[in-house]
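Below: one structure, written as C-alpha cells.
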Amino acid sequence: DSGVSFLYPETWKIERDEIEDGWLVTVQSPATSFMMVCVRHDRPTPEKLAEAALDDLRDSYPELEAEPGATNLAGRLARGYDVRFFLFDLTNTCWLRTFRTPSATVLVLWQVNDLEMETHEPVLRAIGTSLQVQ
C-alpha cells in the first residue's frame, strides 16, 4: 500500500490497521518478536514521529534506556533510537527508525527479547532490508 512493500516469513502473521492520517502493518513472529511499519500521510517530521514513538514506549516502560541510532531502510537513512527495557524479567530490544518520502513519513519499529534474539533478530533485520518504498 502507498508504494510500501517488504518480504516476511510465511510462518509470521501479518495484520493491517487504519489509523488517523495513515495505516500500520504489524508482522508477528510465532513467538513474541514483531515488526511494525507505520505510514503517516500527514508527514510529521521524522524527528517528531520518532520522539512520539519513544514517548509511547516510555509511558509503558519508564525505566527504558534509549540511544540515538540510524539504519539504511528503503534506500534512505532512517534515524531514531535503539531502546532496551525489561519485561517479565527479560531484556527487550527495540529499534525504532523514521524517514520521510514525498508522500508520507514512515516509522519502522522492530522488537525482540533476549531469548529470541539469536533466532529472530536476523529475520527482523532481513525484513527491514527488504523494505521498499516507491
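The values are calculated or read from the model by the stated rules, or taken from the named source; none is laboratory data. Being a predicted model, the structure only gives us computed values, none of them experimental. Glycine gets a Cβ as well: all are built from the backbone with ideal geometry, and neighbour counts include every protein chain shown. Note: areas computed on protein heavy atoms with side chains; ligands, DNA, RNA excluded. Shrake-Rupley method; radii C 1.70, N 1.55, O 1.52, S 1.80 Å.
The table for this structure:
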{"quantity": "Residue, nearest to Gly3 (Cα to Cα), within the range 106-134, restricted to residues that are among the β-branched types (Val, Ile, Thr) and open to solvent by 10 Å² or more (accessible area, probe 1.4 Å)", "calculated": "Val133"}
{"quantity": "Selected residue (only one of Val25, Val4 is within 16 Å of the chain's Cα centre (by Cα) and touching a residue at least 60 places away in the same chain (Cβ under 8 Å))", "calculated": "Val4"}
{"quantity": "Residue that is nearest to Pro102 (Cα to Cα), among those in the range 1-35 that are outside any loop (DSSP other than H, G, I, E, B) and hydroxyl-bearing (Ser, Thr, Tyr)", "calculated": "Ser5"}
{"quantity": "Flag for Ser103 being of a type in the set (S, T, N, Q) and open to solvent by 10 Å² or more (accessible area, probe 1.4 Å)", "calculated": "yes"}
{"quantity": "Residue in the range 77-89 that is in contact (Cβ under 8 Å) with a residue 24 or more places away in the chain, in a strand (DSSP E or B), more than 19 Å from Asp56 (Cα to Cα) and of a type in the set (Lys, Arg) present", "calculated": "no"}
{"quantity": "Unmet requirement for Arg125, which otherwise passes all of (1) over 19 Å from Ser29 (Cα atoms); (2) under 13 Å from the mean Cα position of the chain (by Cα); (3) basic (Lys, Arg)", "calculated": "(1)"}
{"quantity": "The lone exception for Glu47 - which of (1) open to solvent by 60 Å² or more (accessible area, probe 1.4 Å); (2) over 16 Å from the mean Cα position of the chain (by Cα); (3) farther than 15 Å from Trp110 by Cα it fails", "calculated": "(2)"}
